[in-house]
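So the structure is just underneath, and the comments pick up after that.
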Amino acid sequence: MSDSPFANYQYEIYLQGMAGVKPDHPVSWADLEAAAHDALEPGPRGYLFGGACTEDTMRENLAAFRRHRLVPRMLHDVETRTTARTVLGTEMPAPIMLAPVGVQSILHPEGELASARGAATAGLVYTASTASSFTMEEIAEAGGDADQWFQLYWPRGEELAASLVKRAEAAGYKAIVVTLDTWLLGWRPRDLQEAYLPFLQGIGIANYLSDPVFRSTLPAPPEEDMGAAIGQFVGVFSNPAVTWEDLAFLREQTSLPIVLKGILSGADAERAREAGVDGLIVSNHGGRQVDGAIATLDALPEVVEAVGDDLAVLLDSGIRSGSDALKAIALGADAVMLGRPYLWGLATDGEAGVARTLRSFLADFDLAMALSGHRTIDEVGPAAVGQ
Ligand code: FNR
């Protein structure tokens, strides 16, 4: 166990204050969110901030965290502590990862490369989306030595699916996250109002344009006929006919851990275990898919009860503070994924904004863990949360 360095970030800021220097960026999450909102054009703004239909689930994700309260415990000697944890063989300085998010070049020209670099600077694991603006190989390279995971949108055609997974393995990704909740796009009024879908402009399809299997199906290379490539992408992006039985195919393609993203019930968690996967992410895609879906924090206990001893259980959708992360961990999550907050950092200040957002989040998380009476993540259990 070592002294956690994360909380010391605040002293760095206070010390600079002694020299008359104040942060030149928003420190509170609300101010950062507002700054990102103002920095973006209407299309990208709606894409980042919007959810499905009435956005009820998007709000409910946040409300569930407000309904649960930490019950700090005193006099536990938290001077020496560590937030480190290993999840599915990936060592993490804290159980906090970056959720897969596509088309990030609509938020900042360096998009996923900036996010991967910012994550590496903070020491956190970045999850690269299939729908990234840069190729998975470029993102892996941007992350340097840092561990990363790869998120798969299961395409039509086994050959293409296999190719994407093999490329991820060859590029050094440490796990395959399969997203289960986006076979079709949810009804998203903000995007519809702007008639804005970046993929149709060829943004967010770099992994396809660079894929040998995908390219072999085109009448002409994308460099000569982008329109045809985009049309082909629309046809193969997703395969809504995939079932539990198909997971056996995926299992044959890779020796990496397989993590299913989008599980919201104990029953599906049990099916996942039977299918032989290694982990789950309790997620409703940040309220962007099924409006009215259960908040992830409310779904978590049933999933943990069903498979928590056998599979890694992660959670995203609505994590906005160190305390939120701590609540999810107390209720049984092995780790959480941060979504929109790191994108606010990206939209306002690129790589530096991502790194700073993550560093702030880690400091807040470390302090929440310590001040509520814990020295390690393993000590954080259900007793930490009241109602
Ligand atoms: C996403 N998410 C997502 N998920 C995924 O598996 N692949 C993807 O390409 C994307 N793309 C994406 C774009 C944008 C703009 C957002 C906001 C989200 C979902 C993401 O991984 C995660 O589940 C949510 O972001 C969690 O919700 P919050 O905490 O961001 O509200």
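Listed by position, the strands (runs of 3 or more DSSP E) contained in the stretch 257-316 that have at least 3 residues being closer than 15 Å to MET58 by Cβ and within 13 Å of the ligand (Cβ to nearest atom) form an empty set. Taking the criterion of being in contact with a strand residue (DSSP E or B) (Cβ under 9 Å, 6 or more places away or on another chain), hydroxyl-bearing (Ser, Thr, Tyr) and within 12 Å of the ligand (Cβ to nearest atom), the residues of the stretch 133-189 that qualify are TYR153, THR179, THR182.
Of all residues in the stretch 126-171, those that are more than 19 Å from GLN253 (Cβ to Cβ) and among the aromatic types (Phe, Trp, Tyr) total 2. For the stretch 126-151, a residue qualifies if it is touching a helix residue (DSSP H, G or I) at 6+ places or on another chain (Cβ under 7 Å) and under 16 Å from LEU338 (Cα atoms), and the qualifying residues are TYR126, ALA128, GLN148, PHE150.
Return a yes/no flag: does the stretch 10-25 have any residue that is more than 16 Å from the ligand (Cβ to nearest atom), within 23 Å of PRO95 (Cβ to Cβ), among the aromatic types (Phe, Trp, Tyr) and over 23 Å from the mean Cα position of the chain (by Cα). Spell out the reasoning first.
Within the stretch 10-25, the subset more than 16 Å from the ligand (Cβ to nearest atom) is 10-25.
Pick out the ones that are also within 23 Å of PRO95 (Cβ to Cβ) and you get 10.
Applying the additional criterion that residues be among the aromatic types (Phe, Trp, Tyr) yields none.
The answer is no; no qualifying residue exists.
If you go through the stretch 7-54 and keep only what is basic (Lys, Arg) and touching a His at 6+ places or on another chain (Cβ under 7 Å), you end up with just ARG45. Selection of first residues in the stretch 72-101 that are on the phi > 0 side of the Ramachandran plot and touching a residue at least 40 places away in the same chain (Cβ under 8 Å) and of second residues that are open to solvent by less than 20 Å² (accessible area, probe 1.4 Å) and of a type in the set (A, V, I, L, M, F, W, C), restricted to Cβ pairs under 6 Å at least 6 apart or on distinct chains, gives the following pairs, ordered by first then second residue: LEU88/ALA175; LEU88/ALA312. In the stretch 358-387, of all residues being open to solvent by less than 10 Å² (accessible area, probe 1.4 Å) and not hydrophobic (A, V, I, L, M, F, W, C), the one that is farthest from the chain's Cα centre (by Cα) corresponds to GLY373.
Name the one entry in VAL213, VAL242 that is of a type in the set (A, V, I, L, M), at pLDDT 95 or above and touching a helix residue (DSSP H, G or I) at 6+ places or on another chain (Cβ under 7 Å). Write out each step before concluding.
Working: VAL242 fails: touching a helix residue (DSSP H, G or I) at 6+ places or on another chain (Cβ under 7 Å).
Testing whether each residue is of a type in the set (A, V, I, L, M), at pLDDT 95 or above and touching a helix residue (DSSP H, G or I) at 6+ places or on another chain (Cβ under 7 Å) leaves just VAL213.
State which residue is nearest to the ligand (Cβ to nearest atom) when the search covers only the stretch 110-121 and only residues that are assigned to a helix (DSSP H, G or I) and open to solvent by 20 Å² or more (accessible area, probe 1.4 Å). In this case the residue turns out to be LEU113. Among the residues of the stretch 317-340 satisfying the criterion of being of a type in the set (D, E, K, R) and not in a loop (DSSP other than H, G, I, E, B), which is farthest from the ligand (Cβ to nearest atom)? Residue satisfying both the conditions and the ranking: LYS327. Checking ALA306, ALA335, ALA312 one by one, the residue that is of a type in the set (Gly, Ala, Ser) and either surrounded by 23 or more Cβ atoms within 10 Å (Cβ to Cβ) or on the phi > 0 side of the Ramachandran plot (or both) is ALA335 and no other. Taken together, the residues in the stretch 189-205 that are part of a helix (DSSP H, G or I) and either more than 14 Å from VAL236 (Cα to Cα) or open to solvent by 50 Å² or more (accessible area, probe 1.4 Å) (or both) amount to 8.
The values are calculated or read from the model by the stated rules, or taken from the named source; none is laboratory data. Keep in mind it's a predicted model, so treat the numbers as computed, not measured. All Cβ positions, even for glycine, are placed from backbone atoms using ideal geometry, and neighbour counts span all protein chains on display. Side chains are part of the model used for accessible areas, which takes the heavy atoms of the whole protein and leaves out ligands, DNA and RNA. Shrake-Rupley method; radii C 1.70, N 1.55, O 1.52, S 1.80 Å.
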